[in-house]
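Coordinate-derived values only; no laboratory data. Computed from a prediction, not measured in an experiment: that's the story for all the values here. Glycine gets a Cβ as well: all are built from the backbone with ideal geometry, and neighbour counts include every protein chain shown.
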Amino acid sequence: MKVLYVAARHDPRDLNAGSGSDYQFYQAFLRMGADVKIIGPFKDSPSLLERGYRKLHRLFSKRRYAKFSNRFLHTSNEALEQELATDLPDVIFSRNIAPLLLCKTSIPIIYRFDTTLIGSHEQWPIFSELEYRRMLQWEKKVLKKTSLAVTHSEWSKNILTERYHFPVEKILVFPNPASLPEPIYKDSVQIPQNISPPLHLLLVGKENHRKGVDIAIRVTELLNKNGIPSELHIVGQQGEDHDHILYIGYFDKTDPTQLNTYLEQYRWAHLLLHPARFEAAGIVPGEAAIFGVPTITTTAGGLATTVQNKVSGIVLPKDSSPELYVSAIKELLGNPRIYHTLCRSTRERYEKELNWQTAGETLQRAVEKLL
């Protein structure tokens with residue numbers, strides 16, 4: 001099987017690029033035994049006219065303009081068309097709409113995305129209305145060419161079928177797996193019987209506000225005020241340490257020493273806090289699940305697929321207050337048996353679903369069926 005992997009912004013050979021998903025899909029194709037050719041990534045260099053438009057846009061709107069410039073759409077498509085003129089793959093794969101928008105081909109296209117533009121705009125509107133409408137037309141055009149849409153939540157799948165009228169038989173859904181160098185970590189994990197004080201809380205994320213760092217800090221403060229000694233480690237960001245709060249910083253997963261230090265944070269944690277205000281398809285709950293660490297999160301975006309309620313964590317309603325997180329944590333503290341069972345089922349879910357060996361096999365079956 002010949003796969004043309006069209007990389008737009010992130011190099012799929014680099015685990016640290018973006019969320020690491022480009023790398024994981026590339027590795028999944030290689031494990032299938034596919035002959036994978038990569039074109040890209042491409043540099044976005046807007047024209048002088050578009051740079052001027054963007055300056056005006058910033059003056060009149062507090063929100064963003066489109067993700068890609070018109071030049072990027074054309075240059076990435078030209079590279080794709082040039083490749084197709086010399087070598088025909090069995091399938092084209094991309095995690096980005098830009099190279100696919102202007103492409104004209106009968107070769108099956110696999111388009112992977114965390115969620116749709118409609119879904120993200122309704123829950124986390126970062127683009128101006130004008131730019132959103134423009135990008136929505138791009139997305140609809142690409143979906144019309146798509147033979148297999150790969151996404152990571154039932155929430156995203158429902159929007160595809162109900163709002164875009166995309167055929168359900170062309171959708172592949174699997175939860176976003178842990179993004180680590182190995183497709184699956186098989187080392188045995190000691191499941192704790194209870195939570196021994198102080199309570200170890202972990203948050204992993206690069207964006208402060210969207211990932212809800214302030215919510216996690218408030219949860220930690222409330223727990224300590226309620227007489228429950230608690231510590232919070234924040235990985236992926238720099239900040240000022242204060243009582244019970246420690247900023248750990250960023251780790252390079254391709255460096256074995258840094259990777260092990262990163263994984264030590266999960267070994268240290270009793271619970272992963274993931275109070276994201278929006279998350280299309282979270283990755284870090286899958287990493288926590290390696291070590292049997294349950295996640296406490298909400299139904300924001302696609303998180304209710306990433307974290308299965310009462311199986312790999314606790315899923316609260318969207319926009320839950322810090323007090324609701326505290327109540328959920330208190331319930332686990334007061335019921336060691338429930339916590340122990342939750343830790344065990346969290347690890348089991350990693351072994352069954354939240355690893356790239358399983359996800360790759362799921363992808364392979366779908367691609368073989370498509371071809």
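Using only DSSP helix segments of four residues or longer, with each worth -39500 (n - 2.57), what per-residue ellipticity at 222 nm results for the chain after dividing by its residue count and rounding to 500?
-13500 deg cm²/dmol
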Under-5 Å amide H pairs with LEU316, H placed in peptide plane, nonlocal only: THR297, THR298, THR299
Using a basic spin-label model with each label point 7 Å from the Cα along Cα→Cβ, how many nm lie between ASN309 and GLU240? 3.9 nm
Under the rule of at least 5 residues apart or a separate chain, name every residue whose amide H is placed under 5 Å from the amide H of LEU271. HIS200, LEU202
Distance in nm between ASP35 and SER106 label points, each 7 Å along Cα→Cβ, equals 2.1 nm
With the dipole of the chain defined by +1 on each Lys or Arg Cβ and -1 on each Asp or Glu Cβ, the option from GLY313, ALA366, GLY227 whose Cα lies farthest towards the positive pole is ALA366
How many angstrom separate the Cα center of the stretch 295-309 from the Cα center of the stretch 116-141? 23 Å
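Of the listed peptides 293-306, 321-334, 201-214, what is their order by residue-averaged count of other C-beta atoms within 10 Å, with the highest listed first? Let's see the in-between values first.
Values: 293-306: 25.2, 321-334: 17.1, 201-214: 19.6.
Top to bottom by mean Cβ count within 10 Å: 293-306, 201-214, 321-334.
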Give the relative contact order (percent, whole number) for the stretch 199-352; include only Cα pairs under 8 Å separated by 6+ residues. 21 percent
Once amide H atoms are built 1.01 Å from N in the peptide plane, which residues 5 or more positions from ILE38, or in another chain, come under 5 Å H to H? TYR5
Under the Karplus curve 6.51 cos²θ - 1.76 cosθ + 1.60, θ = phi - 60°, whole-Hz ³J(HN,Hα) for the stretch 182-188, x wherever Gly or Pro sits: 8, x, 8, 9, 9, 4, 5
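Express in nm, to one decimal, how much length is gained between GLU162 and LYS330 on full extension, taking 0.36 nm for each residue of separation and deducting their alpha carbon distance. Don't skip to the end; give the middle numbers.
Numbers: separation 168, 0.36 × 168 = 60.48 nm, distance 3.85 nm.
Fully extending the segment from GLU162 to LYS330 adds 56.6 nm.
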Of ALA66, ALA85, ALA288, the one that fluctuates the most in a GNM where the chain has Cα springs shorter than 10 Å: ALA85
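Over the chain, what relative contact order in percent results from Cα pairs under 8 Å that are six or more residues apart?
Numbers: 693 pairs, mean separation 57.0, N = 371.
It comes to 15 percent, rounded to a whole number.
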Could you give the length gained on full extension between HIS74 and ARG133, defined as 0.36 nm per residue of separation minus the Cα-Cα distance, in nm? 19.3 nm
For the chain, with only Lys/Arg (+1) and Asp/Glu (-1) charged at the beta-carbon, what is the dipole magnitude about the Cα centre, in debye rounded to 20? 1100 debye
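Rounded, prolate or oblate, given the Cα gyration tensor of the stretch 199-352, with a/c below 1.5 counting as rounded?
On the way: a/c = 1.27, a/b = 1.06, b/c = 1.20.
Rounded, because the longest to shortest axis ratio a/c is under 1.5.
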Where GluC sites (Glu not before Pro) fall in DSSP loop in the stretch 230-312, at most 12 other Cβ within 10 Å: GLU240
For LYS330, go through the lysines and keep the ones whose alpha-carbon is under 20 Å away, minus same-chain ones fewer than eight residues off. LYS225, LYS310, LYS318
